[in-house]
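Worksheet for the structure shown next.
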Amino acid sequence: MRPTTRVLRLQRAQPLYLAHRRHAHTTPHTNVTTEAEKTTHFGFRTVPETSKETLVKDVFNSVASKYDLMNDAMSFGVHRLWKDTFVSLLKPGKSGAIRCLDVAGGTGDIALRILDYAKDNYADRETSVEVLDINSEMLKEGYKRFKKTMYHKSARIVSFIEGNAQKLELPPSTYDLYTIAFGIRNCTSIPDVLKEAHRVLKPGGTFACLEFSKVDNPILATIYENYSFSIIPLLGTILASDRASYQYLVESIRRFPPQSQFGQMIRDAGFETGGDFEGEGGAWRDLWGGVASIHTGVKI
């Protein structure tokens, strides 16, 4: 039996609070690696798998209050447009109210877009979003954002869960839509994340991922590479006094699999995708020539 996940719902006439939950599977960071211990990457570093979760948490504890500023630096400021495109392609609310799980969505920007899109385009005020993030500091930023919106008094519309995307403490076949934006590359095991996404989606449910990706155009790739490694860490120093976190985030993008390989990983998890190509009918859609990409898959 999976343990019960504690959540916070934004409900009428109730104060907001953050539900902290410690994960039994989280292992404290250690620099000692046994011979048999599995390793993974943390940016360009090789680290024990048991350490990566803590290292990533430390990064996002550092950048949580400046998360949008961080994405501005890493995307030339157009991440907001990409997120708008991401949600508009999914058309939440078109076929009636749906139940969504937004993973690694602590600051709530995707959740807010989903609710706004359903309301504004389809007069749907019943669609709900559960925002899951492993980092409590990111969730706090989400609370702040939603307290400024019309949804802060809406019961059952939005809730926040502190949890691990690789080991979701959620029942199977529950959600119509699973979204993850700029988060999956920070997870220790992408295949485990995808398998859990498949498990918690209903048959016919959609998996959708927005992530930094690989640029095909050689000229654009060179420009973006130079910008990423020369300018973004410098901006981290200037804007957040934190070069190391921004350096990791740039490196994590370079370690993320290219579009075709990630599309195959989605299929390996049991999803049906479009063809192994970009564009209409394909498994992914590139944004800005592949600086970011949108991948989708359907649970059959």
Please list 3J(HN,Hα) in residue order for region 40-49, calculated via the Karplus relation 6.51 cos²θ - 1.76 cosθ + 1.60 where θ = phi - 60°; whole Hz, with x for glycine and proline.
8, 9, 10, x, 8, 8, 9, 9, x, 3
Mean-square fluctuation check for the chain, GNM, Cα pairs under 10 Å: which of Ser228, Ser189, Ser245 is largest?
Ser189
What GluC sites (Glu not before Pro) does region 205-300 have in DSSP loop regions with at most 12 other beta carbons within 10 Å?
Glu280
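Using a probe radius of 1.4 Å on heavy atoms only, what accessible surface per residue do you get for the chain? Whole Å² is fine. Don't skip to the end; give the middle numbers.
On the way: 13640 Å² over 300 residues.
On a per-residue basis, the chain sits at 45 Å².
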Can you give the FRET efficiency for Leu234 and Asp116, using 1/(1 + (r/R0)^6), R0 = 35 Å, r = Cβ-Cβ distance, to the nearest 0.05?
0.55
Using the Karplus curve 6.51 cos²θ - 1.76 cosθ + 1.60 with θ = phi - 60°, work out ³J(HN,Hα) for each residue of region 97-108 in order, rounded to whole Hz, and write x for Gly and Pro.
4, 10, 10, 10, 10, 9, 9, 6, x, x, 7, x
Interchain or long-range residues, amide H under 5 Å from Tyr175's placed H:
Leu201, Lys202
Out of region 94-174, which trypsin sites (Lys or Arg not before Pro) are coil in DSSP terms and have no more than 15 other C-beta atoms within 10 Å?
Lys94, Arg125, Lys148, Arg156, Lys167
Per residue of region 261-269, in order, report the coupling 6.51 cos²θ - 1.76 cosθ + 1.60 (Karplus, θ = phi - 60°) as ³J(HN,Hα) in whole Hz, putting x for Gly and Pro.
5, 5, x, 5, 4, 5, 5, 4, 7
Connecting every pair of Cα atoms under 10 Å apart in the chain and solving the GNM, the largest mean-square fluctuation among Gly281, Gly106, Gly93 falls on Gly281
Taking 25 °C and 0.890 mPa s as the conditions, I'd like the Stokes-Einstein D for the chain in µm²/s, using the Kirkwood hydrodynamic radius from alpha carbon pairs.
125 µm²/s
Explain nothing, just the number: relative contact order of the chain, from Cα pairs under 8 Å at least 6 residues apart, as a whole percent.
19 percent
With label points built 7 Å along Cα→Cβ from the Cα atoms of Ser260 and Thr174, find their separation and express it in nm.
3.7 nm
Helix-only estimate, please: 222 nm mean residue ellipticity of the chain, summing -39500 (n - 2.57) across DSSP H runs of length 4 or more and dividing by its residues, to the nearest 500.
-11500 deg cm²/dmol
Taking 0.36 nm per residue of separation between Phe44 and Lys195 and subtracting their Cα-Cα distance, the length gained on full extension comes to 51.8 nm
Distance between modelled label sites at Asn217 and Asp276, nm, 7 Å Cα→Cβ extension
2.6 nm
List the residues, sorted by chain then number, that are 5 or more residues from Lys214 or on another chain and whose placed amide H is less than 5 Å from its amide H.
Gln259
Whole-percent carbon and sulfur contribution to the accessible surface of region 218-279 (1.4 Å, no ligands, DNA or RNA) stands at 59 percent
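Count the DSSP beta bridges whose two residues both fall in the chain, then state the antiparallel fraction as a percent rounded to the nearest 5.
Working: 20 of 42 bridges.
Within the chain, antiparallel bridges account for around 50 percent of the total.
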Sequence-distant or interchain residues sharing an amide H contact under 5 Å with Asp242, placed H: which?
Thr237
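Using the structure shown, list the pairs from Lys119/Lys147; Lys52/Lys167; Lys119/Lys214 with a Cα-Cα distance above 26 Å, or answer none. Spell out each step's value before the answer.
Details: Lys119/Lys147 18 Å; Lys52/Lys167 15 Å; Lys119/Lys214 34 Å.
As for pairs spanning more than 26 Å Cα to Cα, those are Lys119/Lys214.
The values are calculated or read from the model by the stated rules, or taken from the named source; none is laboratory data. Quick caveat, the model's predicted, so the values are computed rather than measured. Positions of Cβ are generated from backbone atoms using ideal geometry, with glycine treated the same way; all protein chains shown enter the neighbour counts. Quick note on the areas: whole protein, heavy atoms, side chains included, nothing else; ligands and nucleic acids left out. Shrake-Rupley method; radii C 1.70, N 1.55, O 1.52, S 1.80 Å.
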